[in-house]
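Engineer: One structure follows; several queries about it will come next.
The values are calculated or read from the model by the stated rules, or taken from the named source; none is laboratory data. Please read all numbers here as calculations on a predicted model, not as lab measurements. Ideal geometry is used to build each Cβ from the backbone, glycine not excepted, and the neighbour counts take in all protein chains shown.
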């Protein structure tokens, strides 16, 4: 995956580029808004990581200009401003996701990977399949090995989000944001308990565990076999 | 030298200050307006009175002339001369003069008049300067209004009245004008000096107190004289403001002390752990464990900071920011749904009480949800230890607006501690063994305040009942289009 990091703090940028390369991606770096805009419009990237406050040109204006010129590359905004209204402003300017500083790299990586999948056909699929687990988005049914599994509406949405991003790690905050549409920190392991309930329904009576916990990062649904 | 110079400059400024006051400007304007008014009034009275007097004189002269004309018709110039002679001797007589064709005075009580006055053909009433009979010297010492007639045979007759009375009257009026205006100026100046000095004194006292407060003594208050005038009202509002600032400062100090304690503890822990790991750097597994624990502590610190910042921003926030219509019942249902598995794991029954009525209101969905989440989280933690623990979320419409009540049947909070638990970092569990930062209720209170409401803690008998009171409010104009914006996450899932 090709990623462009537009970030003015040299140390943060160097760390990000190095960590993204270690995670198996190609990463470029631009140090200010003008350079970032130039690179983003000349080259093709899978995801842009844009700091909100940049020298020369502010991050939000880089994004809105890119969008105005017809560039729809997914954008992840990084910002020290983490309030709900800041987030709304960032997303309105054309950003696809918003992450407040300081963040864990695992959170950033998970979000980048989910963003990059946006342009893949899985978005339009009506049926997801991981191993012998199947989810039908239209009929709203879940089966595993041909056996129907009954889920609560929220459990269905949770599984739907996990399966849409099958093979990609999703974090607890991403789940709270995308499944519940809340952006606050619940401070308790609410998401973990929901996951363990879901796991009890889809994995418990089967040998192969599909819904896996990634320590220090989040959860992933995949078929290891 | 320098001191004296400064003093003099100070004195000059002080005098200038008197002129710069609002009282001076007002006094000057009023003085000018009243002077113009008085001038106009006196001018009007003088003009009308003069006219009246002139009319009276004219009438008197006319009737005299009429009478004299009858005497002349009957007895000719001889009788006329005799009558005039008689009349002119009476006290308060009019002025008479008969002149022979060669210019000598035949009879009359007028000493001399300018000769050209007598030569005029026109016999209308006009001002004539004259001398009295008993006076020597030049003509024009006195002024009369007189008519002059030409009699057959070249004789000339002058009949008139002295206008000294009129002149005196005019001069009295003029004097009154000067006196009035003069008195007005003096009184105006006096009242201006009195008012400005009084006002300046009050203002100076206010300035002095504010300077004292600015140097850091927040306990200073403005003087209230008890006269309930505008200065007292101003002083009272400013004193209220100062009391609020003082309370905030005290709160801030308390909070920073608590922050220092609650943030320094994990930092110290991290530091000693890293130090220890560095000392035993050959133990790879130990180092890794230390790093993992440090990361966990750092995350915890970041969360605490985030929570603090959020409270600060919510407390300082503009009411109305990010506000939109919210279905409170849906939010409560969401929270029950979100926390139900956690509650079940802790053995707590979590349920929403039956609701009824219109439960939509204007607010910030995200913050309100977080506030309810904090209350539910607290309730589950505290109810977990009692038999048959139960947490309920009630939603009711009250005259004030909307009430969201989270009740548990746990140990509750003693009444004396209820006000304190809302403060930042306050945890009744002094051993601090339970998870949490002691920020949960502070945020709830801040959210309530942002919605112009408040958080009320009551006894649920047994247990605690935390009631979030949210008054109804108008949707702010600039947020109206926000309400229709689809949340991005929902759009992504659709």
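Conditions (1) surrounded by 14 or more Cβ atoms within 10 Å (Cβ to Cβ); (2) in a helix (DSSP H, G or I); (3) assigned by TED's automatic domain parsing to the domain that holds residue B:160; (4) at pLDDT below 80, marked per residue:
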site	(1), (2), (3), (4)
B:55	no, yes, yes, no
B:64	yes, yes, yes, no
B:67	no, yes, yes, no
B:70	no, yes, yes, no
B:103	no, no, yes, yes
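Engineer: Follow-up question, since we're still on this one. Of all the strands (runs of 3 or more DSSP E) wholly in the stretch A:30-113, which have at least 1 residues that are buried (at least 16 other Cβ atoms within 10 Å of the Cβ) and within 11 Å of chain B (Cβ to nearest Cβ)?
Structural biologist: Values: elements: A:47-51, A:75-79, A:97-100.
The strands (runs of 3 or more DSSP E) meeting that bar are A:97-100.
Engineer: Of the numbered conditions (1) more than 9 Å from chain A (Cβ to nearest Cβ); (2) without any contact (Cβ under 8 Å) to a residue 12 or more places away in the chain, residue B:302 fails exactly one; give the number of that condition.
Structural biologist: (1)
Engineer: So is residue A:99 at pLDDT below 90 and within 21 Å of residue A:165 (Cβ to Cβ) or not?
Structural biologist: So residue A:99 fits the description; yes.
Engineer: Could you tell me which of the residues B:405, B:416, B:379 is closer than 19 Å to residue B:458 by Cα and surrounded by 22 or more Cβ atoms within 10 Å (Cβ to Cβ)?
Structural biologist: Details: B:405 fails: surrounded by 22 or more Cβ atoms within 10 Å (Cβ to Cβ); B:416 fails: surrounded by 22 or more Cβ atoms within 10 Å (Cβ to Cβ).
The match here is B:379.
Engineer: Additional query: Quick one: in the stretch B:338-353, which of the residues that are part of a loop (DSSP other than H, G, I, E, B) and in contact with a strand residue (DSSP E or B) (Cβ under 9 Å, 6 or more places away or on another chain) is nearest to the other protein chains (Cβ to nearest Cβ)?
Structural biologist: First, the residues of the stretch B:338-353 that are part of a loop (DSSP other than H, G, I, E, B): B:346-348, B:353.
Remaining after also requiring in contact with a strand residue (DSSP E or B) (Cβ under 9 Å, 6 or more places away or on another chain): B:348, B:353.
Working: B:348: 12, B:353: 21 Å.
Applying the filter and picking the extreme gives B:348.
Engineer: Inside the stretch A:144-157, can you point out the residues that are in contact with a strand residue (DSSP E or B) (Cβ under 8 Å, 6 or more places away or on another chain), assigned to a strand (DSSP E or B) and either exposed (fewer than 15 other Cβ atoms within 10 Å of the Cβ) or modelled with pLDDT of 90 or more (or both)?
Structural biologist: Once the filter is applied, which keeps residues that are in contact with a strand residue (DSSP E or B) (Cβ under 8 Å, 6 or more places away or on another chain), assigned to a strand (DSSP E or B) and either exposed (fewer than 15 other Cβ atoms within 10 Å of the Cβ) or modelled with pLDDT of 90 or more (or both), the stretch A:144-157 yields only A:148.
Engineer: Please find, within the stretch A:195-225, the residue that is surrounded by the most Cβ atoms within 10 Å (Cβ to Cβ) out of those that are within 14 Å of chain B (Cβ to nearest Cβ) and more than 23 Å from residue A:127 (Cα to Cα). Let's see the steps before the verdict.
Structural biologist: The initial filter retains those residues of the stretch A:195-225 that are within 14 Å of chain B (Cβ to nearest Cβ), namely A:195-201, A:215-218.
Filter once more, keeping what is more than 23 Å from residue A:127 (Cα to Cα): A:196, A:215-218.
On the way: A:196: 16, A:215: 7, A:216: 12, A:217: 17, A:218: 23.
Ranking the qualifying residues of the stretch A:195-225, first place goes to A:218.
Engineer: Return yes when residue B:262 is over 26 Å from residue B:362 (Cβ atoms) and not in a helix (DSSP H, G or I) and no when it is not. Show your work before the answer.
Structural biologist: Numbers: over 26 Å from residue B:362 (Cβ atoms): yes; not in a helix (DSSP H, G or I): no.
It is false that residue B:262 is over 26 Å from residue B:362 (Cβ atoms) and not in a helix (DSSP H, G or I).
Engineer: Output the number of residues of the stretch B:23-33 satisfying the condition of being touching a residue at least 60 places away in the same chain (Cβ under 8 Å) and over 15 Å from residue B:184 (Cα atoms).
Structural biologist: Result for the stretch B:23-33: 1.
Engineer: Output yes when any residue across the stretch A:175-186 is farther than 30 Å from residue B:304 by Cβ and within 14 Å of chain B (Cβ to nearest Cβ), and no when none is.
Structural biologist: First, the residues of the stretch A:175-186 that are farther than 30 Å from residue B:304 by Cβ: none.
Scanning the stretch A:175-186 turns up no residue that is farther than 30 Å from residue B:304 by Cβ and within 14 Å of chain B (Cβ to nearest Cβ).
Engineer: Which numbered condition in (1) modelled with pLDDT under 75; (2) touching a strand residue (DSSP E or B) at 6+ places or on another chain (Cβ under 8 Å) is the only one that residue B:321 fails?
Structural biologist: All conditions are met except number (2).
Engineer: Collect the residues in the stretch B:440-483 that are modelled with pLDDT under 80, under 22 Å from residue B:359 (Cα atoms) and within 14 Å of chain A (Cβ to nearest Cβ), keeping them in residue-number order.
Structural biologist: Matches in the stretch B:440-483: B:476, B:479, B:481, B:482, B:483.
Engineer: Is it the case that some residue within the stretch B:287-299 is surrounded by 14 or more Cβ atoms within 10 Å (Cβ to Cβ), under 29 Å from residue A:81 (Cβ atoms) and within 12 Å of chain A (Cβ to nearest Cβ)? Break it down into steps so the answer makes sense when it comes.
Structural biologist: The initial filter retains those residues of the stretch B:287-299 that are surrounded by 14 or more Cβ atoms within 10 Å (Cβ to Cβ), namely B:287, B:290, B:293-294, B:297-298.
Those left that are additionally under 29 Å from residue A:81 (Cβ atoms): B:294, B:297-298.
Of the ones still in play, those that are also within 12 Å of chain A (Cβ to nearest Cβ) are B:298.
Checked against the condition, which is being surrounded by 14 or more Cβ atoms within 10 Å (Cβ to Cβ), under 29 Å from residue A:81 (Cβ atoms) and within 12 Å of chain A (Cβ to nearest Cβ), the stretch B:287-299 yields at least one hit.
Engineer: From A:33, A:94, which residue is on the phi > 0 side of the Ramachandran plot and in contact with a helix residue (DSSP H, G or I) (Cβ under 9 Å, 6 or more places away or on another chain)?
Structural biologist: Going through A:33, A:94 in turn, the sole match is A:94.
Engineer: Can you say whether residue B:244 is surrounded by fewer than 11 Cβ atoms within 10 Å (Cβ to Cβ), out of contact with any helix residue (DSSP H, G or I) (no Cβ under 9 Å at 6 or more places or on another chain) and either outside the structural domain of residue B:307 (by TED's automatic domain parsing) or assigned to a helix (DSSP H, G or I) (or both), as far as the supplied structure shows?
Structural biologist: Considered against the rule, which asks whether it is surrounded by fewer than 11 Cβ atoms within 10 Å (Cβ to Cβ), out of contact with any helix residue (DSSP H, G or I) (no Cβ under 9 Å at 6 or more places or on another chain) and either outside the structural domain of residue B:307 (by TED's automatic domain parsing) or assigned to a helix (DSSP H, G or I) (or both), residue B:244 comes out as yes.
Engineer: Pick from the stretch B:354-368 the residues that are crowded, with 23+ Cβ neighbours inside 10 Å and within 10 Å of chain A (Cβ to nearest Cβ): which of them is nearest to the chain's Cα centre (by Cα)? Quick ask: steps written out before the conclusion?
Structural biologist: Step one: filter the stretch B:354-368 for residues crowded, with 23+ Cβ neighbours inside 10 Å, giving B:363-364, B:367-368.
Next, from what is left, pick out any that are within 10 Å of chain A (Cβ to nearest Cβ): B:364, B:367.
Numbers: B:364: 34, B:367: 36 Å.
Filtering the stretch B:354-368 for residues that are crowded, with 23+ Cβ neighbours inside 10 Å and within 10 Å of chain A (Cβ to nearest Cβ), the one nearest to the chain's Cα centre (by Cα) comes out as B:364.
Engineer: Restricting to the stretch A:147-158, give me the number of residues that are closer than 13 Å to residue A:202 by Cα, within 12 Å of chain B (Cβ to nearest Cβ) and out of contact with any helix residue (DSSP H, G or I) (no Cβ under 6 Å at 6 or more places or on another chain).
Structural biologist: Qualifying residue count for the region: 2.
Engineer: Can you spot a residue in the stretch B:40-51 that is under 49 Å from the mean Cα position of the chain (by Cα), closer than 30 Å to residue B:195 by Cβ, in contact (Cβ under 8 Å) with a residue 12 or more places away in the chain and surrounded by 13 or more Cβ atoms within 10 Å (Cβ to Cβ)? Talk me through it step by step, then tell me what you get.
Structural biologist: First pass over the stretch B:40-51, keeping only residues under 49 Å from the mean Cα position of the chain (by Cα): B:40-49.
Checking the rest, the ones that are also closer than 30 Å to residue B:195 by Cβ come to B:40-42.
So of that shortlist, the ones also in contact (Cβ under 8 Å) with a residue 12 or more places away in the chain come out as B:42.
Next cut, surrounded by 13 or more Cβ atoms within 10 Å (Cβ to Cβ) only: B:42.
So far as the stretch B:40-51 goes, yes, one or more of its residues are under 49 Å from the mean Cα position of the chain (by Cα), closer than 30 Å to residue B:195 by Cβ, in contact (Cβ under 8 Å) with a residue 12 or more places away in the chain and surrounded by 13 or more Cβ atoms within 10 Å (Cβ to Cβ).
Engineer: Can I ask one more? Going residue by residue through the stretch B:325-334, is there one that turns out to be more than 47 Å from the chain's Cα centre (by Cα), farther than 21 Å from residue A:103 by Cα and within 14 Å of another protein chain (Cβ to nearest Cβ)?
Structural biologist: Filtering the stretch B:325-334 for residues more than 47 Å from the chain's Cα centre (by Cα) gives B:333-334.
Then drop every residue that is not farther than 21 Å from residue A:103 by Cα, which leaves B:333-334.
Retained after the next criterion (residues that are within 14 Å of another protein chain (Cβ to nearest Cβ)): B:333-334.
Yes, the conditions are met somewhere in the stretch B:325-334.
Engineer: Starting from the stretch A:101-112, take each residue that is without any contact (Cβ under 8 Å) to a residue 24 or more places away in the chain and list its partners that are surrounded by 20 or more Cβ atoms within 10 Å (Cβ to Cβ), counting only C-beta distances under 7 angstrom and pairs at least six apart or across chains.
Structural biologist: Close Cβ pairs satisfying both conditions: A:101/A:78; A:101/A:79.
Engineer: Determine, yes or no, whether residue A:27 is assigned by TED's automatic domain parsing to the domain that holds residue A:94 and in contact (Cβ under 8 Å) with a residue 12 or more places away in the chain.
Structural biologist: Numbers: assigned by TED's automatic domain parsing to the domain that holds residue A:94: yes; in contact (Cβ under 8 Å) with a residue 12 or more places away in the chain: yes.
Against the criterion (assigned by TED's automatic domain parsing to the domain that holds residue A:94 and in contact (Cβ under 8 Å) with a residue 12 or more places away in the chain), residue A:27 qualifies.
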